[in-house]
Structure formats: structure tokens, C-alpha cells
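First the structure, in the form of C-alpha cells, and then the observations on it.
Read-outs: derived from the displayed coordinates by stated rules, not from any lab. From a predicted model like this one, the values you see are computed outputs, not experimental measurements. So basically every Cβ, Gly included, is an ideal-geometry build from the backbone, and we count neighbours across all protein chains shown.
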Amino acid sequence: MENALYVALSQQMALRRMLDVTANNIANMNTTAYRAERPVFDDYVTRVSRGDATAFVVDRATYTDLREGTVSVTGNPLDIAIQGDAWLQVETPAGIRYTRDGRLQRSQDGMLVTVDGHTVLDADGNTVEVPEDVGPISIGADGTLSYMVGGQGEEIQSVELGRIGLFTLPNPEGLQRDGNGLVTAEGEALPAVGATLVQGALEGSNVQPIMEMVRLIDINRAYALATNMTDSENKRQSNAIDKLGGTAT
């Protein structure tokens, strides 16, 4: 039956997609703030002769696993880890993007930027300036950047430089990846509620290596079974053709 081949082929296509996603997760297990991907599949059932039904595998979409990664202390004052449902808003040559990669630094022109040089924006969409000649930078839980002035007989005061914006994205399951830890989202991003920053720390990947390796083994086994199914069906059809050809002669 040709449907058996089509079913096996649909399974192989779905498994190949799962293999690509799983391999990408494993490759990014040490990437800062990486969120694992998960494929979504569905069964498409069609009726055939004599009331039988055949189920095909359909690749529906891929969604982002939104669980937070483990936070590790780095001691770098411009490293930040986001805790809670929030993203940094950055300006790139392609437009506004969002990231949780908190490896920040000061650019040559005195702007707060990501490790890839994208400008970090505040809650109002403006850039955050970090002068070169200021003392140690403090980043508060709400994203406020400040430094201290005074001392030696003068009153010590805190000078605020700006506040890093934290945003909640609409439809987080439908985020579109844009490479290098950046994502895009349809709709308007809103100020995050309840999210905080931890200075001198970074969020790690939320990939669970052991689970991904087990998933990889299961995928390979399932692919081998699907391949055996297609090989068996090809042999069956080939034998049938040979027998019919012999009968005709």
C-alpha cells in the first residue's frame, strides 16, 4: 500500500526536523541565556478504502522553552542576569530586537551595548550613556545604573546614569529567533512587572544536556525503524511487480 510509504516518509521528515532542533539545542548548551527550542507535531488522519484510516505526521511549528537557566556569578560589574519574565530591548541594524544575554559593555562612544555591539535601550527606548571617567558602576535590581561621587570630606552622593529597560513580550511562545541570542516578537512589548536584574552574574542556557542526549538517541532509533519500514515496503512492492510481470509473460 502506497500509504504505508507516505506515512513512513512523513515520520522521517518529522524526525529529521526533531534531529535538527535537538542538535541545535546541544550545540548551544553553553550559550549565555539560550532558550531551548521544541518542535510541535500533529497527526493528520485520512480515510482510505474499506473504512481504514491512515495517520500522517505534520510539522506544525517550533516554540521556545521559556524556563529560566541557572544564574552564575561572574564578578563583572557590567554582567547582568534577568530574573523573571523579561527581556532587554536592543537596537540593531535590522531594527529593534530582544535578548536575555546580559554580557554588557561600554562602547567606544560611551554607550551601553551588548557583547555584539547592539545598543541597549531604556524603558523609553532611549540609549544609556556610560561615561568613561566615572567610578565603579552599580546596577540596581530595577536596572538603574549609578556611580558614587564625593568622599574625603565631601558628601557622598549617588549619580544616576539611566535605567535599563525590561520588557515583557506578547505571545512568548511565538518568538522568532534572529541569531546570536536575539528574538523578534509580533505586537507591542510592555514594561515587565516583577522582573529584576542581578549585577555581576549571567543566566546560563536552559538546555538539559542529559535529556537532550536521551532525546537524540530516541530520535535515531525511531528514524531507523521508519527507514526499515520504507525498505520493507519497497521490497514488497518490488516483489509484487516481479510476480505480476512473470504472470503476464
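Take each peptide in 173-185, 99-111, count the other Cβ atoms within 10 Å of every residue, and average; sorted highest first, the result is 99-111, 173-185. Less than 5 angstrom separates the built amide H of TYR63 from those of ARG38, VAL40, all sequence-distant by 5 or more or on a different chain. With a ≥ b ≥ c taken as the square roots of the eigenvalues of the C-alpha gyration tensor of region 71-203, please select rounded if a/c is under 1.5 and otherwise prolate if a/b is larger than b/c or oblate if it is not? Prolate. Amide H contacts of THR92 (H built 1.01 Å from N, in plane; Pro and chain starts excluded): ARG97 sit under 5 Å, all sequence-distant by 5 or more or on other chains.
Among GLU212, GLU203, sorting on how many other beta-carbon atoms sit within 10 Å of each Cβ, with the fewest leading, yields GLU212, GLU203. Mind listing which GluC sites (Glu not before Pro) in region 109-172 are in a DSSP loop and have 13 or fewer other Cβ atoms within 10 Å? Here the GluC sites (Glu not before Pro) that fit, given the DSSP loop and packing criteria, are GLU132.
Note on region 115-135 and region 68-83: Cα centroid distance 18 Å, given to the nearest whole angstrom. Neighbour counting of Cβ atoms within 10 Å sorts the residues LEU78, LEU88, LEU66, fewest neighbours leading, into LEU66, LEU78, LEU88.
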